[in-house]
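Worksheet: the structure to be examined is printed underneath.
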Amino acid sequence: MRKAFLVWVMGCLLLSCQHQPEWQLVWEENFDGTELDTTVWSKISRGKPDWQNTMSYDERCYELSNGTLILRGIVNDDLQKDPSPYLTGGVWSKGKKAFDGGRVEVKAKLKGAQGAWPAIWMLPFESEKYGWPKGGEVDIMERLNYDSIAYQTVHSYYTYTLGENKNPRNGSTGSINPHDYNVYGVDFWPDSLVFHINGTKTFTYPRIETDKEGQFPFNKLQYLLIDMQLGGAWVGEVDPTGLPSEMTVDWVRHYQYK
């Protein structure tokens with residue numbers, strides 16, 4: 001009996017290790033045409049945080065061409081019109097398109113520059129209800145300058161306000177091809193977030209048992225941000241001679257577990 005039980009357990013473990021989640025595509029954006037789909041996307045407005053303080057509606061920061069969206073960071077040539085030394089393009093689905101768990105992937109190519117800080121990330125669809133960082137933040141991709149790695153990170157009241165970023169660790173990096181397209185993704189599970197680059201798992205952030213507040217606030221509707229930022233305390237100073245910088249987005253895909 002004991003031997004039979006052990007055989008059964010080993011068989012179950014083997015099947016579990018071989019099992020791969022099956023994902024069904026439920027929505028995609030291929031950026032066909034010459035105009036943004038304004039039922040899904042808006043251009044990101046200017047704001048005070050480092051990631052938002054050069055955002056612009058300037059048409060030169062945006063291009064739809066051959067089924068791609070190109071977001072640029074450029075030198076501002078009219079400081080009378082806008083005092084920001086640089087102008088950058090970004091889009092978000094805030095207030096329009098919500099992502100309900102599942103897998104989110106974005107295929108993008110990055111043209112580096114000193115001070116370039118492209119990002120693909122998610123925030124709660126009802127951000128105003130929760131506030132930052134209590135609502136959480138999921139950074140699917142951040143890249144600095146000309147790096148051959150991308151940062152993938154989560155932020156929350158637990159990690160940011162309480163400083164609990166090692167139990168469990170709240171971020172990691174993964175290798176990218178710095179001169180070509182890469183696919184950046186995250187899977188939302190009830191008990192974890194699983195990050196990957198080009199189909200290879202890079203990092204898992206689990207829900208844990210803790211008495212401390214706000215450790216896993218990610219089981220809620222999210223919206224997506226894709227932005228090409230320049231400068232800031234993290235990435236450092238911008239070298240204007242290396243501009244424009246660009247992020248070319250081929251597609252966005254949302255899957256649900258089948």
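The values are calculated or read from the model by the stated rules, or taken from the named source; none is laboratory data. Bear in mind that the values here come from a model prediction, so they are computed numbers and not experimental data. In this analysis, Cβ positions are derived from the backbone assuming ideal geometry, glycine residues included, and neighbour counts consider all displayed protein chains.
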*Given Tyr151, Tyr158, which one is surrounded by 15 or more Cβ atoms within 10 Å (Cβ to Cβ) and within 28 Å of Gly115 (Cβ to Cβ)?*
Tyr151
*Quickly run through the stretch 54-72 and pick out the residues that are over 13 Å from Ile226 (Cβ atoms) and touching a residue at least 40 places away in the same chain (Cβ under 8 Å).*
Thr54, Gly67
*Does any residue in the stretch 22-48 that is free of Cβ contacts under 8 Å to residues at least 60 places away in the same chain and on the phi < 0 side of the Ramachandran plot come within less than 9 Å, Cβ to Cβ, of a residue that is loosely packed, with under 12 Cβ neighbours inside 10 Å and of a type in the set (Ser, Thr, Tyr) six or more places away or on a different chain, and which pairs are these?*
Thr34/Ser65
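Results for (1) modelled with pLDDT of 65 or more; (2) farther than 28 Å from Val235 by Cβ; (3) polar (S, T, N, Q); (4) not in a loop (DSSP other than H, G, I, E, B), shown as yes or no for each residue.
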| site | (1), (2), (3), (4) |
| --- | --- |
| Lys3 | no, yes, no, yes |
| Val9 | no, yes, no, yes |
| Cys12 | no, yes, no, yes |
| Cys17 | no, yes, no, yes |
| Phe31 | yes, no, no, no |
| Glu35 | yes, yes, no, no |
| Lys48 | yes, no, no, no |
| Gln52 | yes, no, yes, no |
*Where in the stretch 138-257 are there strands (runs of 3 or more DSSP E), lying wholly inside it, with at least 2 residues that are within 15 Å of Arg103 (Cβ to Cβ)?*
181-189, 192-197, 200-206, 222-230, 245-257
